[in-house]
1. So which of Ile210, Ile182 ends up being β-branched (Val, Ile, Thr), touching a residue at least 24 places away in the same chain (Cβ under 8 Å) and not in a helix (DSSP H, G or I)?
2. On the given criteria, is Val169 more than 30 Å from Met23 (Cβ to Cβ), open to solvent by less than 50 Å² (accessible area, probe 1.4 Å) and in contact with a Gly (Cβ under 9 Å, 6 or more places away or on another chain)?
3. Among all residue pairs at least 6 apart or on different chains, which show Cβ distances below 7 Å where the first residue, located in region 103-124, is on the phi > 0 side of the Ramachandran plot and the second is in a helix (DSSP H, G or I)?
4. How many of the residues in region 274-283 are within 22 Å of Ala22 (Cβ to Cβ) and touching a helix residue (DSSP H, G or I) at 6+ places or on another chain (Cβ under 6 Å)?
5. Step by step: first the residues of region 12-47, then only those that are touching a Ser or Thr at 6+ places or on another chain (Cβ under 8 Å) and surrounded by fewer than 15 Cβ atoms within 10 Å (Cβ to Cβ), then the one that is nearest to Glu105 (Cα to Cα). Which residue is that?
6. Residues in region 99-120 that are under 19 Å from Phe35 (Cα atoms) and in contact with a Pro (Cβ under 7 Å, 6 or more places away or on another chain): how many?
7. Out of Ala202, Ala254, I need the residue that is open to solvent by less than 20 Å² (accessible area, probe 1.4 Å) and either over 18 Å from the mean Cα position of the chain (by Cα) or closer than 19 Å to Thr135 by Cα (or both). Which one?
Amino acid sequence: MRILFITDPLETFKTYKDSTYAMMTEAAARGHELFWCLQSQLSLSGQQVETAATHLQLTGDSHDWYREGNQALEPLTAFDAVLMRKDPPFDMEYVNSTWLLELAESHGAKVFNKPRAIRDHSEKLAIGQFPEFITPTLVTRDAGRIRDFHAEHRDIIVKPLDGMGGMGVFRVGADGMNLGAIVETLGEDGARTLMVQRYIPAIKDGDKRILLIGGVPVPYSLARVPMAGEVRGNLAAGGTGRAQELSTRDREIAEALAPGLWEQGLLLVGLDVIGDYLTEVNVTSPTCFQEITQQTGFQVAAMFIDALEHAVEAHR
């Protein structure tokens, strides 16, 4: 296959933990041909969505890890698979990219994850579709309602809807210290919508990332355990990753969500679960492949490329 990866700049990759790098390595080992481009290189000319695609060869050296070949302007339909692996933020340029990718799909391009599904799937608000699996949650701009929620639950988490990597996540305890200031700052005095949730004490055991690939759960999660004094388990916020088998509840949540998400065209999904509660449904650029493989031996990237090959074949 000819596979196009839409990514951040290659020089920013941390190859020891980057999931896109793991995908590339597995694909190359199977003889697939690799290409890459930036989101900013997507364009529409006439009726054709195209990009400046650069041929990519891997060196096997984790530091000096790639060699670039020729760059050529090609339609996205020239590739057997297009993988959207651009990291958030999910801003208006990201939305524009999903529209371009959706146009490319209408011309026959095979894009994973499906652009419409990425665009229509709010990673934080998506949990509202599964109320049986979530902790008490309020989404609002109304500071008064947030104060009432705190008065009822006493220990809460406040976060923006568009954060990533633990950015902008605050815990407010029973004393309500700084609740007003946090809501005013994050909510920009009512201009931005916030998510407020009852605090889940099980965060001390980690914020678990559960991967769904082709509608099937990976049998291990990565519990991202917060550093001392933190409530955020995100690896970007200093958390430590610990791979572990899915619990009975983890599997219940994963198996309930997996079929529907796969039917929407979401080849790869990252569920975030704290204790027994679903907290996010990540669809933009889910990670944790390498940490799970390194600690358990389970070949996550191989499972992903298997699923990609099957999905491409099904589209032929």
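1. Sole residue among the options that is β-branched (Val, Ile, Thr), touching a residue at least 24 places away in the same chain (Cβ under 8 Å) and not in a helix (DSSP H, G or I): Ile210.
2. Spelling it out, it is not the case that Val169 is more than 30 Å from Met23 (Cβ to Cβ), open to solvent by less than 50 Å² (accessible area, probe 1.4 Å) and in contact with a Gly (Cβ under 9 Å, 6 or more places away or on another chain).
3. Once the first residue is on the phi > 0 side of the Ramachandran plot and sits in region 103-124, its partners that are in a helix (DSSP H, G or I) give Gly108/Thr77.
4. Looking only at that region, the number is 2.
5. Applying the filter and picking the extreme gives Ser43.
6. Number satisfying all stated conditions: 2.
7. On inspection, the qualifying residue turns out to be Ala254.
Listed here are the residues, each with its yes/no results for (1) more than 20 Å from Ile156 (Cα to Cα); (2) β-branched (Val, Ile, Thr); (3) touching a helix residue (DSSP H, G or I) at 6+ places or on another chain (Cβ under 8 Å); (4) open to solvent by less than 40 Å² (accessible area, probe 1.4 Å).
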{"position": "Asp87", "(1), (2), (3), (4)": "yes, no, no, no"}
{"position": "Glu93", "(1), (2), (3), (4)": "yes, no, yes, no"}
{"position": "Leu101", "(1), (2), (3), (4)": "yes, no, yes, yes"}
{"position": "Ser106", "(1), (2), (3), (4)": "yes, no, no, no"}
{"position": "Lys110", "(1), (2), (3), (4)": "yes, no, yes, yes"}
{"position": "Ser122", "(1), (2), (3), (4)": "yes, no, no, no"}
{"position": "Pro131", "(1), (2), (3), (4)": "no, no, no, no"}
{"position": "Thr140", "(1), (2), (3), (4)": "no, yes, yes, yes"}
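The values are calculated or read from the model by the stated rules, or taken from the named source; none is laboratory data. Quick caveat: nothing in here was measured; it's all calculated off a predicted structure. Cβ: placed from backbone, ideal geometry, glycine included. Neighbour counts: every protein chain shown. When the accessible area is computed, the model is the full protein with side chains, heavy atoms only, and any ligands, DNA or RNA have been set aside. Shrake-Rupley method; radii C 1.70, N 1.55, O 1.52, S 1.80 Å.
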